[in-house]
Amino acid sequence: SQTTVTSSKTYSDGTTEYSSRTTGIDCVSFNETGTIKTATNSFEECPECTEPADGGIGILPPKGTTEEVVNEEEQIVNNLTNPCASDIFDELWKSITREGTIKPNIILPTGELITFSDAVLKIFNDSKTFDYIVTNDNLLKENAITNSKGIDKIVVLTTMSNSYLQSATTLSIARTMIHELTHAYFLFKTRELDFTIAINLFAVQNGYNTSDTNRLHHEFMRDYINAIAFSLYNWDRKFGTGGNLGWDYYKAMAYGGLFQMDQLGNITNETDAFKSLIIDESERKKTAKILFNEQKSIQTKINDEIKNEFKGIPCK
């Protein structure tokens with residue numbers, strides 16, 4: 001089957017871009033809890049989805065040939081004043097939205113892959129009642145925070161720490177942005193009754209306080225680790241190191257936010273999700289070290305030789 005899509009997008013400078021694509025690709029999909037599942041039709045036509053097979057999030061196009069014309073307004077605002085971070089955020093979404101209209105469960109442009117972070121950004125980009133804003137400021141201890149405000153028109157705001165942006169690698173910053181997008185997704189879905197019932201039931205069944213949103217989000221995020229990891233891999237493949245760090249490294253990065261560290265990188269607090277997903281304490285410490293090295297761009301000196309303990313690219 002094929003789907004022909006003609007789309008237009010108008011930017012803040014008044015320019016409009018048009019594109020038309022035909023697709024017949026069956027790939028993979030995800031459900032409301034973020035669990036990834038592979039479609040049964042023509043998966044071999046989407047080779048990029050096979051590594052790792054359980055990490056991709058693709059779109060299954062409808063049967064038959066259809067045409068759709070979509071006009072979009074800017075619903076996502078990049079207010080980051082840190083040039084490196086601003087570029088990373090643009091890479092996470094504009095490379096997707098400017099290459100054609102991508103909507104969950106509707107279309108997939110030929111050769112392009114939808115990841116979890118792509119899909120979340122498209123949800124906000126297509127929404128008439130939600131805006132998503134990302135900015136940076138001086139924060140006390142968090143690398144980033146995400147919250148929402150408003151009733152009729154709801155703004156979800158992610159604020160990234162200035163001190164964190166000054167020390168982290170591009171890989172770490174991209175990971176943090178994807179993590180905060182997961183929070184944003186939960187805040188978006190909380191306006192829906194079914195999702196609210198599901199996450200509150202999850203809280204009650206596990207003994208969590210339903211009013212402790214931050215704790216609840218991080219515990220619920222246990223089902224999104226592969227989705228976050230694959231989104232990070234896909235960004236790194238296009239804009240970072242080339243995507244050659246290995247699946248285990250991207251997955252380790254995806255655990256960020258499920259535990260807290262002190263200034264030396266020692267774990268000070270762990271969610272139940274983190275402990276249940278990585279049972280071995282020594283492995284959890286190794287995961288924390290990976291995240292700490294990327295967060296601080298750690299280097300060591302041995303016999304006058306400087307060695308990078310991180311694998312990402314320094315943010316310049």
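The values are calculated or read from the model by the stated rules, or taken from the named source; none is laboratory data. What you are looking at is a predicted structure, and each value in this text was computed from that prediction instead of being measured. All Cβ positions, glycine included, derive from the backbone under ideal geometry; neighbour counts span all protein chains shown. All accessible areas refer to the heavy atoms of the entire protein, side chains included, with ligands and DNA or RNA removed. Shrake-Rupley method; radii C 1.70, N 1.55, O 1.52, S 1.80 Å.
Which GluC sites (Glu not before Pro) in the stretch 149-230 pass both tests, a DSSP loop state and at most 14 other beta-carbon atoms within 10 Å? Show your work: numbers first, answer last.
Details: sites: 180, 192, 219; in loops: 192.
Hits after loop and neighbour filter: 192.
What the phi angles of the stretch 224-239 give under the Karplus curve with 6.51, -1.76 and 1.60, with θ = phi - 60°, is a coupling list of 10, 4, 4, 5, 5, 4, 5, 4, 5, 4, 5, 5, 5, 4, 8, 10 Hz, glycine and proline written as x. Pairs from the table (128/251; 238/289; 153/286; 141/285) lying more than 31 angstrom apart at Cα are 128/251; 153/286.
Where only protein heavy atoms count, and the probe is 1.4 Å, what is the accessible area per residue for the stretch 127-267 in Å²? Could the numbers behind the result be given before it?
On the way: 6110 Å² over 141 residues.
Result: 43 Å² of accessible area for each residue.
Applying a DSSP loop filter and a limit of 13 other Cβ atoms within 10 Å to the trypsin sites (Lys or Arg not before Pro) in the stretch 136-235 leaves 141, 153, 191. By accessible area, using a 1.4 Å probe on protein heavy atoms only, the stretch 267-316 has 47% of its surface on carbon and sulfur. The Rg/Rh ratio of the stretch 185-316, with both radii computed over alpha carbons and Rh defined as the Kirkwood radius, is 1.04.
Carbon-plus-sulfur fraction of the accessible area of the stretch 127-228, 1.4 Å probe, in percent? The computed percentage sits at 50.
Sorted largest first, the spans of the alpha carbon positions of the stretch 127-177 along the three principal axes are 38, 22, 11 Å.
If Lys and Arg each add +1 and Asp and Glu each add -1, what is the summed charge of the other residues whose beta carbon sits under 11 Å from the beta carbon of residue 248?
+1
Residues whose amide H comes within less than 5 Å of that of residue 154, counting only those at least five positions distant or on another chain, are 130, 131 (H built at 1.01 Å from N in the peptide plane).
So how much slack lies between residue 128 and residue 147, counting 0.36 nm per residue of separation and subtracting their Cα-Cα distance, in nm? Each step should come with its number before you reach the end.
Numbers: separation 19, 0.36 × 19 = 6.84 nm, distance 1.84 nm.
Separation in residues times 0.36 nm, less the Cα-Cα distance, equals 5.0 nm.
The modelled label-to-label distance between residue 201 and residue 162, using points 7 Å beyond Cα along the C-beta direction, is 4.6 nm. Here the Karplus relation 6.51 cos²θ - 1.76 cosθ + 1.60, evaluated at θ = phi - 60°, turns the backbone of the stretch 162-169 into coupling constants of 4, 5, 5, 5, 6, 10, 7, 7 Hz, with x for every Gly and Pro.
Distance from the Cα centroid of the stretch 110-172 to that of the stretch 205-268 is 15 Å (rounded to whole angstrom). The amide H of residue 261, built 1.01 Å from its N in the peptide plane, has 268 as neighbours under 5 Å, considering only residues 5 or more places off or on other chains.
State the extension gain, in nm to one decimal, for the chain segment bounded by residue 275 and residue 261, taking 0.36 nm per residue of separation less the distance between their alpha-carbons. Could you put the intermediate results ahead of the total?
On the way: separation 14, 0.36 × 14 = 5.04 nm, distance 1.46 nm.
Once the chain is fully extended between residue 275 and residue 261, it gains 3.6 nm.
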